[in-house]
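> Just dropping this structure here.
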């Protein structure tokens, strides 16, 4: 399927989706919001794709909402809500996407772009990456899931500070507060991210899907509910062919070959 605002590529079991509006620092216009949701449907249906990398073209990840279109027309409250509801559909789809996801961030990931990176399971950043909740600088509140995602990653007080100050932080500070998983030199960004993705892709896909769902659900559930879901999911996993393969590989001292069965 062809897309106007992004393209995808495959390396083994790893699919990379690249936001492709470099002239606008990959701002999330309405077309991109729809296309991101569509490409996730396409990748989920592809059994050969086990891990998704999300990145941006032109030296930046994503500069957030398309401010140019905001200036071209003054929007009503109903129009503004409609724009964000379209974004919300994409956020829900990406956060709950059943395959592991990695944001590969270079340059700016600010506003909704910062929150788009947070929608992914892991973030690998270059040393020149920059993050920030810049919304109030143009008189807006956070969107893109930031009010829910950011406090869970960096804690409530740090999330409020980032939102209240609209400061841009560099990759080193993002790593210090736990916003990103790894920071690497730009020259190593793609290699490091691909290697991490390949390592995850070698895991049992059904187990990784269940584990991701369990961790996501645990963020808003109590201990008893989390334990119940662990028992249910482990029952499925222990009866699987991949469990048998994992056991065989362990005792034969060889890498396992998981199929998802």
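Bear in mind these aren't lab numbers, they're just calculated from the coordinates by the rules spelled out. Quick caveat, the model's predicted, so the values are computed rather than measured. All Cβ positions, glycine included, derive from the backbone under ideal geometry; neighbour counts span all protein chains shown.
> Which value in Å does the Kirkwood hydrodynamic radius of region 205-252 take, with 1/r averaged over all unlike C-alpha pairs and then inverted?
Values: mean 1/r = 0.0860 Å⁻¹.
After inverting the mean inverse Cα-Cα distance, the result is 11.6 Å.
> Just how far, in whole angstrom, is region 119-167 from region 13-83 if you go by their alpha carbon centroids?
17
> Between 195, 57, 171, which gets the highest mean-square fluctuation from a Gaussian network model of the chain, Cα cutoff 10 Å?
Of 195, 57, 171, the most mobile in the Gaussian network model is 195.
> Please work out, to two decimal places, the log10 of the ratio I(q)/I(0) at q = 0.10, 0.11, 0.19, 0.21 Å⁻¹ from a Debye calculation in which every Cα of region 103-261 carries one identical scatterer.
-0.49, -0.58, -1.13, -1.22
> I would also like to ask the following. Using only Cα positions of region 3-116, each an equal point scatterer, no hydration layer, compute I(q)/I(0) via Debye at q = 0.16 Å⁻¹ and quote the log10 values to two decimals.
Results for region 3-116 at q = 0.16 Å⁻¹ read -0.71.
> Let me ask another. Who wins for biggest fluctuation among 46, 242, 228 in a Gaussian network model of the chain, springs between alpha carbons below 10 Å?
Taking springs between Cα atoms under 10 Å, the residue moving most is 228.
> By what distance, in whole Å, do the Cα atoms of region 136-181 stretch along each of the three principal axes, largest value first?
Dimensions of region 136-181 along the principal axes of its Cα atoms: 29, 20, 18 Å.
> How big is region 6-201 along each principal axis, measuring the range of its Cα positions in Å and listing the largest first?
On the principal axes, region 6-201 reaches 46, 35, 30 Å in Cα extent.
> Compute the acute angle (0 to 90°) between the alpha-carbon long axis of helix 186-201 and the principal axis of greatest extent of the alpha-carbon atoms of the chain; round to the nearest 10°.
With rounding to tens, the tilt is 40 degrees.
> Still on this structure, please answer the following. Between helix 241-252 and the chain, what is the angle of the helix's C-alpha long axis to the longest principal axis, kept within 0 to 90° and rounded to the nearest 10?
70
> First obtain the Kirkwood hydrodynamic radius of region 162-205 from its Cα pairs, then insert it into the Stokes-Einstein equation at 25 °C and 0.890 mPa s, and state the resulting D in µm² per second as a whole number. If you can, show how the numbers build up before the last one.
Working: Rh = 12.5 Å.
So the translational diffusion coefficient is about 197 µm²/s.
> Among 128, 74, what is the fewest-to-most ranking by other Cβ atoms within 10 Å?
Values: 128 16, 74 8.
With the sparsest Cβ surroundings first, the list reads 74, 128.
> Highest first, please rank the peptides 58-68, 211-221, 182-192, 35-45 by the mean number of other Cβ atoms sitting within 10 Å of their residues.
Listed from highest to lowest mean packing, they are 58-68, 35-45, 182-192, 211-221.
> At q = 0.21, 0.22, 0.32 Å⁻¹, what log₁₀ I(q)/I(0) does region 116-160 have when each alpha carbon counts as one equal point scatterer in the Debye sum?
After summing over all Cα pairs, the log10 values are -0.81, -0.88, -1.25.
> What number, rounded to the nearest 500 deg cm²/dmol, is the helix-based mean residue ellipticity at 222 nm of the chain, given -39500 (n - 2.57) per DSSP H run of at least four residues and division by all its residues?
Working: 11 runs with 130 residues, N = 261.
Calculated at 222 nm, the ellipticity per residue is -15500 deg cm²/dmol.
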